[in-house]
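The block underneath contains the structure these notes are about, expressed in structure tokens.
Please treat every number below as a calculation from the coordinates, not as lab data. Quantities reported herein were computed from a predicted structural model and do not represent experimental measurements. Using ideal geometry, Cβ is built from the backbone for each residue, glycine included, and neighbour counts are taken over all protein chains shown.
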Amino acid sequence: MNEDQPNFIVLDHPVVADLVTHIRDEQTQPPRFRELVERVGMLLAYEATRDFALQAVDVKTPMQLTQGHVLQFPVTVVPILRAGLGLAQGVMQLLPKAVMGHVGMFRDEEALVPVSYYEKLPSQISQGPVLLVDPMLATGGSAVAAIELLKSRGCSDIRFLCLIAAPEGVDRLTQAHPDVHIYTAALDQKLNEVGYIIPGLGDAGDRLYGTL
Ligand code: PRP
Ligand code: URA
């Protein structure tokens, strides 16, 4: 893959590298794993919201009236269930006023294609940016399908946030949806023969929720 793709952003930060290393560690148990994933979610959201539109407002401090700025458009956070929930907790910490939508999808482990089983999206979702979150971008099938769904609801500013991306998934997603910015905490080497990210962290949902 071409790592210079303008819409593909790898968080380049020592604190993120430290967090991702502890998340990868097979010794890290679900309670700690969830805590660390949540923290990376907040940092991904910080980067992904860098160019959000602002609106000028007057604000009265205890000293005087001055001008401040607030986010102009409503933000929607959409985790892809189930593993996306872990990352979304951190995103919501940064953006507590965001509305949350949910998309349920699991990957058929034989065919490696996403199977959709749930969808609940807020009615005003197309009025502002959407942060679609899922820790793993593997083949890219789940992200591509979820973005198709969001676009069918009129969303035009969609940003995909993940913990670990495989080059295969980045290529597929940028080809299918070149307008969508991808933010990841790490870009890994490849997929293995059964579609898992190498070196990766294993199965994100299982590690979050202890269903090993
Ligand atoms: C994982 C992950 C993504 C998907 C990525 O979910 O959270 O949704 O696989 O794979 P892809 O890029 O090849 O589509 P999984 O199917 O394990 O479901 P879960 O979140 O319910 O555990
Ligand atoms: N889903 C996961 O949870 N892990 C992978 O490595 C690939 C897909």
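The alpha carbons of the stretch 57-151 stretch over 64, 23, 18 Å along the principal axes, in descending order. Ordering Y196, Y117 from the fewest to the most neighbouring beta carbons within 10 Å gives Y117, Y196. Here the peptides 165-174, 128-137, 75-84 are ranked by packing, the mean other Cβ count within 10 Å, and the order with the highest first is 128-137, 75-84, 165-174. By DSSP, the beta bridges lying fully in the chain are antiparallel in about 40 percent of cases. From a point 7 Å beyond the Cα of L212 in the direction of its Cβ, which residues of the stretch 74-101 have a backbone N at a distance under 19 Å? Within reach of a label on L212: 83, 86.
Selection among T61, A145, M42 by position relative to the dipole of the stretch 21-172 gives T61 as farthest towards the positive end (Cβ unit charges, Cα centre). Based on DSSP H segments of at least four residues, each scored -39500 (n - 2.57), the chain has a per-residue ellipticity at 222 nm of -10000 deg cm²/dmol.
Working value for the stretch 159-212: equivalent-ellipsoid semi-axes of 21, 14, 9 Å, each the square root of 5 times a Cα gyration tensor eigenvalue, largest first. Remark: the stretch 201-210, residue by residue, has Karplus-estimated 3J(HN,Hα) of 9, x, 8, 4, x, 4, 6, 5, 10, x Hz, where x stands for each Gly or Pro and the curve is 6.51 cos²θ - 1.76 cosθ + 1.60 at θ = phi - 60°. Working value for the chain: equivalent-ellipsoid semi-axes of 29, 20, 17 Å, each the square root of 5 times a Cα gyration tensor eigenvalue, largest first.
With coordinates expressed along the principal axes, the C-alpha atoms belonging to the stretch 72-116 extend over 43, 18, 11 Å, beginning with the largest. Within the stretch 48-174, DSSP assigns beta bridges of which about 50% are antiparallel (rounded to the nearest 5). When both the stretch 143-164 and the stretch 69-91 are represented by their alpha-carbon centers, they are found 12 Å apart.
For the stretch 8-50, the average shadow cast by the Cα convex hull is 3.2 nm², which is a quarter of the hull's surface. When the stretch 75-148 is described by a simple charge dipole with +1 on each Lys and Arg Cβ and -1 on each Asp and Glu Cβ, the residue from S116, P96, V133 located farthest towards its positive end is P96. The Cα-based radius of gyration and maximum Cα-Cα distance (Dmax) for the stretch 111-212 are 13.8, 41 Å.
Based on Cα contacts under 8 Å between residues 6+ apart, the chain shows a relative contact order of 23 percent.
Taking amide H as placed 1.01 Å from N in the peptide plane, the amide H of E119 sits under 5 Å from that of G104, each at least 5 places away or on another chain.
Specify the angular offset, from 0 to 90 degrees and rounded to the nearest 10, of the alpha carbon long axis of helix 30-48 from the longest principal axis of the alpha carbons in the chain. Helix 30-48 sits at roughly 50 degrees to that axis. Against the main long axis of the alpha-carbon atoms of the chain, helix 141-152 sits at an angle near 40°.
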